[in-house]
1. If I take every Cα pair under 8 Å that is 6 or more residues apart in the range 160-302, average their sequence separation and divide by the length, what percent do I get for the relative contact order?
2. Could you work out how far the C-alpha centroid of the range 102-135 sits from that of the range 43-58, in angstrom?
3. Taking the simple approach of a point 7 Å from Cα along Cα-to-Cβ for both residue 274 and residue 32, what is their distance in nm?
4. Once R0 is set to 35 Å, what does the formula 1/(1 + (r/R0)^6) return for the Cβ-Cβ distance between residue 95 and residue 167, expressed as a FRET efficiency to the nearest 0.05?
5. Between residue 218 and residue 62, 0.36 nm times their residue separation minus their Cα-Cα distance comes to what?
6. Go through 41-47, 61-67 and give me the packing order, highest mean Cβ count within 10 Å leading.
7. Go ahead and estimate [θ] at 222 nm for the chain from helices alone: -39,500 (n - 2.57) per DSSP H run with n ≥ 4, summed, over the residue count, rounded to 500.
8. What is the angle, in °, between the Cα long axis of helix 80-92 and the longest principal axis of the Cα atoms in the chain? Nearest 10 is fine, range 0 to 90.
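Bear in mind these aren't lab numbers, they're just calculated from the coordinates by the rules spelled out. Keep in mind the model is a prediction, meaning the values are calculated, not measured. Glycine also receives a Cβ, built like all others from the backbone with ideal geometry; neighbour counts cover every protein chain displayed.
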């Protein structure tokens with residue numbers, strides 16, 4: 001299976017890695033764990049909206065330097081890319097200087113996994129440039145210390161994810177779709193979303209047989225997937241941000257087969273059969289000057 005986050009061009013001491021955004025086609029939030037996190041069950045899919053990382057080995061110093069073209073993103077130890085590079089060097093026992101440049105396209109705080117994908121791409125890139133020979137499982141073990149969504153990207157483009165996020169089962173969806181991603185340019189804080197969900201529901205609904213069956217099939221049709229789409233965060237997040245419900249309704253009205261909140265938001269996506277329909281839907285948001293609207297094809301596992 002081709003891993004889209006590992007599309008690389010290699011120079012002797014430099015590598016460029018693309019980090020794709022993800023959408024949650026299904027997201028169920030289950031019971032709270034003893035470590036404070038929640039168990040989840042999700043069907044995740046990468047799309048062709050990507051950040052780009054350029055990683056260079058620099059013999060002139062022994063530090064990690066990080067530059068980002070988005071000034072609102074910190075480029076210090078609080079950045080997941082920096083922390084991922086630190087973790088790889090620590091785990092591998094390497095002591096080299098690294099210069100990393102991050103070009104951002106994926107909106108931040110958007111439910112699209114941009115930071116997690118960047119971290120996974122950093123681990124993936126360093127695994128290659130340092131010739132560590134780590135398997136996806138080994139890279140995922142490093143990644144899961146950085147964030148719950150990170151392990152998924154080592155098994156992308158499509159997988160079911162459970163536990164805290166560390167249990168990843170790759171699946172294949174036959175064919176591709178076009179996705180319109182509508183981000184209203186404000187973030188939804190994940191911790192807040194979990195709190196709102198806990199306060200608004202009376203109990204945890206177990207995974208249905210229908211959703212569990214998605215784990216057992218090596219191949220899924222888009223018909224199966226479209227019948228399964230669901231996100232537990234939608235009700236509480238839409239209650240607090242009715243604009244997001246309006247975006248969902250507008251995408252459906254413009255011909256989306258389904259529309260759904262991704263992650264805890266704030267991005268809402270619509271799935272379309274072809275690019276022309278997706279571009280037409282995108283155009284309907286042109287007057288919304290504060291919105292960021294992208295059209296991207298889904299990655300396939302073939």
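1. Worked out over the range 160-302, it gives 40 percent.
2. Measuring centre to centre over Cα atoms gives 5 Å.
3. 5.0 nm
4. The calculated FRET efficiency here is 0.60.
5. The residue 218-residue 62 span can extend by a further 51.7 nm.
6. The densest-packed peptide leads the list: 41-47, 61-67.
7. -9000 deg cm²/dmol
8. Roughly 50 degrees between the two axes.
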